[in-house]
Amino acid sequence: MKLIISIIMACFSLNILAQNLSSVPYYFALPESAHLPLKVTDWKKIPLAGVSTDNAYLRGYHFSDGTVKGRKEAFKELVEKNIIQTGDIVLSFRPEWETTIPYSRIQMGVSHASVAYLDSGVIKNLDMPLDTEYNGNNLSSGFDSKHYLETPHIQILRPRNFSEEKKRNLLAWIGKLRQNYKDIRNGGLLRFNSDYSAPKFNVYSKDDAFVTTMARILLGKDKESRDLTMFCSEYAWALLSLASCDPEDSEIADEIVSDASCIKPIFDPMYMLDQEGIPGLTEGPLATLNSLDISNSEKEDLLDTLFATGNMLTLSSGHRALAKNPKVVALIQALKGFYIAKLNRNEAMVAGITAQVNPVGGRNYSPSAFLINSMLEDTDPGRQFDYVATIMFGM
């Protein structure tokens with residue numbers, strides 16, 4: 001089971017061809033209710049392929065020049081239009097996964113999560129791993145490091161109630177990281193965690209206590225906690241959760257406690273499947289499907305496209321082998337049964353599959369978790385994100 005969890009959580013890169021999307025399958029789109037209201041109207045609607053509906057789509061901004069210079073000009077325009085700002089989550093989007101295998105589609109086509117921030121009027125990114133491929137030299141990337149130059153499509157999500165104070169705090173924490181970056185890297189701190197099934201949530205003294213440890217590392221106060229490794233979406237989650245704290249707060253700076261009370265989780269980590277009304281990490285496509293104004297039989301037909309095995313040539317040999325692993329195949333079948341049971345309100349079947357899957361997976365925060373959170377009801381107090389736009393670079 002941990003194998004498939006790692007796959008669904010994966011933060012990785014693929015060198016792919018750019019394309020100006022004219023449509024997307026439903027499992028890559030978002031319900032209109034997930035969209036942030038925008039004042040600007042110059043975006044292009046990317047509708048669903050093969051489904052006649054206005055209930056779900058993507059907002060598209062296409063820039064033909066994908067070079068470093070072209071991206072700088074594009075992001076300058078996006079900042080001016082308030083399409084991207086400090087605190088936004090940026091997801092690396094892989095639309096070509098449509099033709100591959102079920103777990104790629106269950107991730108809603110996203111493979112990586114980062115945090116955006118404005119630095120002297122220029123938008124930049126902060127990513128895990130803290131290396132040049134993702135962050136450029138000395139954290140200088142403005143979404144033009146190697147990873148992003150090889151990523152023609154990104155999606156932008158905005159945290160709700162991310163006040164000016166939180167923005168200032170986030171920028172202050174990034175400043176502390178820049179100040180202590182060399183010592184952090186040379187000390188083997190804040191390294192990348194490739195075991196996506198082993199988040200740090202609920203590992204330290206309790207729940208989000210690891211964020212306090214991360215804060216003390218950023219401050220240069222903790223030089224010993226080399227066990228605090230994180231994957232991309234965990235790091236993004238932790239940074240936004242830390243934005244409620246001022247770096248000068250004595251509770252953190254003076255090590256009064258190991259779990260600072262000022263830290264506010266940006267959203268509750270999710271199980272693999274719905275638990276107590278919180279949708280699971282594998283339920284993004286199901287939420288979009290449920291938003292469509294079509295019949296149940298049509299929805300079940302669309303499930304076949306989600307769970308079909310397609311062309312695996314664009315995947316690495318390792319991922320092709322995983323896709324054929326009997327345990328992975330069995331879990332994908334369980335998820336298909338879960339989707340059908342949910343559509344048909346078969347509560348007994350839903351409960352049975354949930355009881356099988358959730359205890360093994362635990363709670364987590366995949367790159368797609370930010371998208372899934374945006375699909376909660378608008379009035380749901382747990383909803384903390386809105387979808388802003390999908391950006392495309394290249395021909």
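Nothing in this text is a laboratory measurement; each read-out follows from the coordinates by a stated rule. Please read all numbers here as calculations on a predicted model, not as lab measurements. In this analysis, Cβ positions are derived from the backbone assuming ideal geometry, glycine residues included, and neighbour counts consider all displayed protein chains.
Straight distance only, please: which lysines reach the Cα of Lys206 with their own Cα at less than 20 Å, same-chain residues fewer than 8 apart left out?
Partners found: Lys264.
Can you sort Ser258, Ser104, Ser114, Ser295 by how many other beta carbons sit within 10 Å, fewest first?
Least to most surrounded, the residues fall as Ser295, Ser258, Ser104, Ser114.
List the lysines whose Cα lies under 25 Å from the Cα of Lys182, skipping any in the same chain that are fewer than 8 positions away.
Lys124, Lys146, Lys167, Lys200, Lys221, Lys223
Place a point 7 Å from the Cα of Ile294 along the Cα-to-Cβ direction; which residues of region 33-52 have their backbone N under 16 Å from it?
Residues 47-52 qualify, since their backbone N sits under 16 Å from the label point.
Using only Cα atoms and rounding to the nearest 10 degrees, what angle (0 to 90) does helix 209-218 make with the longest principal axis of the chain?
50
Using alpha-carbon positions, what is the distance between the centroids of region 341-389 and region 212-237, in Å?
Answer, in whole Å: 27.
Give a quick list of trypsin sites (Lys or Arg not before Pro) in region 258-361 that DSSP marks as loop, anything other than H, G, I, E or B, with at most 16 other Cβ atoms within 10 Å.
Answer in residue order: Arg345.
For the residue pair Arg168 and Asp54, what label-to-label distance in nm results when each label sits 7 Å from Cα along the Cα-to-beta-carbon direction?
Reported label-point gap for Arg168 and Asp54 is 4.3 nm.
Straight distance only, please: which lysines reach the Cα of Lys44 with their own Cα at less than 22 Å, same-chain residues fewer than 8 apart left out?
Filter leaves Lys72, Lys76, Lys81.
So what's the back-of-envelope 222 nm ellipticity for the chain, counting only DSSP H runs of four-plus at -39500 (n - 2.57) apiece and dividing by all residues, rounded to 500?
-11000 deg cm²/dmol
By how many degrees, 0 to 90 and rounded to 10, does the Cα axis of helix 164-186 deviate from the longest principal axis of the chain?
70
Can you give the convex hull volume per residue for the Cα atoms of the chain, as a whole number of Å³?
Roughly 133 Å³ of hull volume per residue.
Around Asp208, with a cut-off of 12 angstrom between Cβ atoms, what is the net charge of the other residues, counting Lys and Arg +1 and Asp and Glu -1?
Overall, the nearby charge balance is 0.
Quick one: in region 19-132, what % of C-alpha pairs are over 18 Å apart?
Here the long-distance tail beyond 18 Å is 60 percent of all Cα pairs in region 19-132.
Around Phe385, what is the net charge, scoring Lys/Arg as +1 and Asp/Glu as -1 over all other residues with Cβ under 10 Å from its Cβ?
Values: positive: Arg158, Arg160, Arg383; negative: Asp88, Asp386.
Spelling it out: positives minus negatives among the neighbours equals +1.
Running a GNM on the chain with Cα contacts under 10 Å, which residue among Lys39, Lys124, Lys200 ends up with the highest mean-square fluctuation?
The residue that fluctuates most here is Lys39.
Listing Trp43, Trp173, Trp237, Trp97 from the residue with the fewest other Cβ atoms within 10 Å to the one with the most, what is the order?
Numbers: Trp43 18, Trp173 22, Trp237 28, Trp97 25.
Least to most surrounded, the residues fall as Trp43, Trp173, Trp97, Trp237.
Put a dot 7 Å past each Cα toward the Cβ at Lys327 and Ser22; how far apart are the dots in nm?
4.3
Would you tally the net charge around Glu165, using a Cβ to Cβ cut-off of less than 14 Å, leaving Glu165 out, and scoring K and R as +1, D and E as -1?
0
Which angle from 0 to 90°, rounded to the nearest 10, does the C-alpha axis of helix 296-307 make with the longest principal axis of the chain?
Orientation of helix 296-307: about 60 degrees from the principal axis.
State, to one decimal in nm, how far the label point of Val360 lies from the label point of Leu343, with both points 7 Å from Cα in the Cβ direction.
Distance between the two pseudo-spin positions: 2.4 nm.
Write down the radius of gyration of region 69-110 and its Dmax, each obtained from C-alpha positions, in Å.
Final numbers for Rg and Dmax: 14.2, 38 Å.
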